[in-house]
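Single-structure report; data block below.
The values are calculated or read from the model by the stated rules, or taken from the named source; none is laboratory data. Since the structure is predicted, the reported quantities are computational estimates derived from the model, not experimental observations. Cβ coordinates were reconstructed from backbone atoms using ideal geometry, including for glycine residues, and neighbour counts include every protein chain displayed. Please note that ligands, DNA and RNA were not included when accessible areas were found on the heavy atoms of the full protein model with its side chains. Shrake-Rupley method; radii C 1.70, N 1.55, O 1.52, S 1.80 Å.
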Amino acid sequence: MSASSETVEELVHKAYPHGFVTEIDADTVPPGLSEDVVRLISAKKGEPEWLLEWRLKAYRHWLTLREPTWAHVHHGPIDYDAISYYSAPKSRADGPKSLEEVDPRLLETYKKLGIPLEEQMALAGIAVDAVFDSVSVATTFKEKLAAHGIVFCSFSEAVRNHPELVRQYLGTVVWPTDNFFAALNSAVFSDGSFVYIPKGVRCPMELSTYFRINASKTGQFERTLIVADEGSYVSYLEGCTAPMRDENQLHAAVVELVALQDAQIKYSTVQNWYPGDEEGRGGIYNFVTKRGECRGARSKISWTQVETGSAITWKYPSCILRGDHSVGEFYSVALTNHYQQADTGTKMVHIGKNTSSTIISKGISAGRAQNSYRGLVKVTKSADGARNYTQCDSLLMGERCGAHTFPYIEVANPTARVEHEASTSKIGEDQLFYCAQRGISPEDAVSLIVNGFAKEVIRELPMEFAVEAQKLLGVSLEGAVG
Amino acid sequence: MLEIRDLHVEVDGKPILKGIDLTIRAGEVHAVMGPNGSGKSTLSHVLAGREGYTVTRGSVTFEGKDLLEMAPEIRAREGIFLAFQYPVEIPGVNNTYFLKAAVNAGRKHRGLEELDAMDFMQLVREKMKVVKMKDDLLKRSVNEGFSGGEKKRNEIFQMAMLEPKLAILDETDSGLDIDALKIVADGVNSLRSPERSMLVVTHYQRLLEYIVPDQVHVLAGGRIVKSGDRTLALELERHGYGWIEQQGVTAA
């Protein structure tokens, strides 16, 4: 990683004393959800009337929904009235006061990932007073993007400065009534990112949440909207390889992507939220709705995800292939260890003619973890010549974990070609011994084997991310070898 | 270099090795022969530190250190190399990458600097000649889809790269046709040196025509029942293992 990007990384992981959220820091909304809370959130953010109405509609619909139970995950009931829906300052106040109060295993992991001490403190949720000269970095960055007419800002900023764009696209891919968690998010979303790439513009750099100072502390109900106008291209990176501690157990984010004619969006995620301890206590419930629509002809959306964190992951980044000749891709590595549970996959919905999709899913399961792939390939009547290739591989370590595959295929057009391949393998003792006999320690051997297994996905990540993700896969499996 | 004293080993509570004594000095090549089930593979696995074998009595010292105390990867880094009878496939892991990790783990252990990509590849080019390795095997996953001969060649290639002090060849001849056997044996012979010892474990005499040992030991029923020079191997071939087992009984 280059020195400059390290600086940038530092900048976003440190506590940021200023920003658009400061003005409302002092207020606390008591736990529980009602129309008043939704109104309060909207009012505090100074939102226009239409957005408030939009939130309220989502809220009213949410009231009619029940939490879904079809996923292959188990957890105790979530008390939605115990959650504070406007709680930006909460985690700071409740957070540990020093590194001594932080789970030592978490610190050990930080060390292995080579994260500087200051940053460790910020990640662990400790208030850090260090002053950093980084505003200039962010400013330079923004100026460069602005020169191309690219909008990259927090969601709140977008609502203030580009209301017409937000209004035109918000909720058009993931409807506010789409599902239980999406409806909840739509009602109470705190903040998130907004990206607009104008016609014909190729975004000159990878857009990363690292660069957006205000991104911190919006993890719980984050909302992201990316619009790539005709003929444009953007690569967006979300997340961070360092394990993030968070006081909020429930995360219900929504990500919407819109690709117009000939546009391409590449969306990469490394998710490493706190997974809970080795006994399965604590950890984040990550119930996310991510969907992209290839709205125009020859557009392309590509999802790449490396999921190693969270106690429970429930996530299906999907593509609606509406434009003719549009392309959807999904590359995923989901790693679960100890008591982690993941139910993840994708939906590829073929509507346009000659649309094609590729699904490469790699599930790694260790300890007592349960790892499920759930995917839908749907070819509608209109999708002449649609093609899909799906490959689903599972890797197991030990005797007590599980891997499950739930592929759904619905084809309503006889010209469609749909392929599905699946495999399950185990990291064998004979492989570990073979590596050991060559001088390679069990930890390194596991990392080697797992990265070999996942490499088709890893190589889809932007270079810098890929290196970190490789390290992360090894670190996440520590303790999995007996 | 290697001293095995009164080694007793059990697998699942069942005694397999029942008192092995064996001394290998630097530069020597010893062959251990024996029928199926005599404990040959157990001996090589115990020396390499594989799990599932319980040493109930005896000791093994390697260059004056207690070998049995060491984890398998430490033994490897200390200079013990096992050429597997059935080399293991590791899908997705590039052969060259794997080797680099192995070589550098050893170098680090010995307090040497890790080789960078350039130096490493230079070493690879040099050592590939030892077993006439084909280029494409370097680019493939470790042993995945290799033929039997290619796997064995890959083992000897790894041995050349890792430059062990003691190489244990576990039935390296099994599954090889005569041409492949010659190539592998030539490779092994080119790696013989006054500092490097070898323990060649084999069922058949055939391999020993190419890798000529200094001493031959016959293992039967978990004990070394006879030791001699290489003519013992020839004798054994003439009379079969039944002969030696009778001898063993009379000797005992």
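Data for the structure
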| read-out | value |
| --- | --- |
| Computed FRET value (nearest 0.05) for A:R60 with A:T172, which takes r as the C-beta separation and R₀ as 30 Å | 0.95 |
| Dipole magnitude of the stretch B:2-251, debye to nearest 20 (Cβ charges: Lys/Arg +1, Asp/Glu -1, about Cα centre) | 100 debye |
| Charge context of A:E53, other residues only, Cβ under 12 angstrom, K/R +1, D/E -1 | +2 |
| Estimated [θ] at 222 nm from DSSP helical runs (n ≥ 4, -39500 (n - 2.57)) normalised by residues in chain B, nearest 500 | -12000 deg cm²/dmol |
| Separation in nanometres of the label points that stand 7 Å from Cα toward Cβ, at B:E195 and B:D214 | 1.6 nm |
| Sum of side-chain charges, B:L82 neighbourhood, beta-carbon under 10 Å (Lys, Arg +1; Asp, Glu -1) | +1 |
| For chain B, share of DSSP beta bridges that run antiparallel, in % to the nearest 5 | 60 percent |
| Where a label projected 7 Å from the Cα of B:R206 along Cα→Cβ would reach, residues of the stretch B:64-90 with amide N under 20 Å | B:83-87 |
| Cα-Cα over 29 Å, subset of B:K40/B:K165; A:K266/A:K378; A:K300/B:K134; A:K471/B:K129 | A:K300/B:K134; A:K471/B:K129 |
| Average other protein chain Cβ within 10 Å of Cβ, residues A:420-433 | 3 |
| Trypsin sites (Lys or Arg not before Pro) within the stretch B:39-136: DSSP coil, no more than 13 neighbouring Cβ in 10 Å | B:R110, B:K132, B:K134 |
| The stretch B:2-251 - percent relative contact order, Cα under 8 Å, separation 6 or more | 28 percent |
| Formal net charge of residues neighbouring A:A436 (Cβ-Cβ distance under 14 Å; K, R +1; D, E -1) | -3 |
| Listed peptides B:188-195, A:166-173 by packing density, highest first (mean Cβ within 10 Å) | A:166-173, B:188-195 |
| In the B-A interface, the accessible area buried, summed over both sides, Å² (probe 1.4 Å) | 2000 Å² |
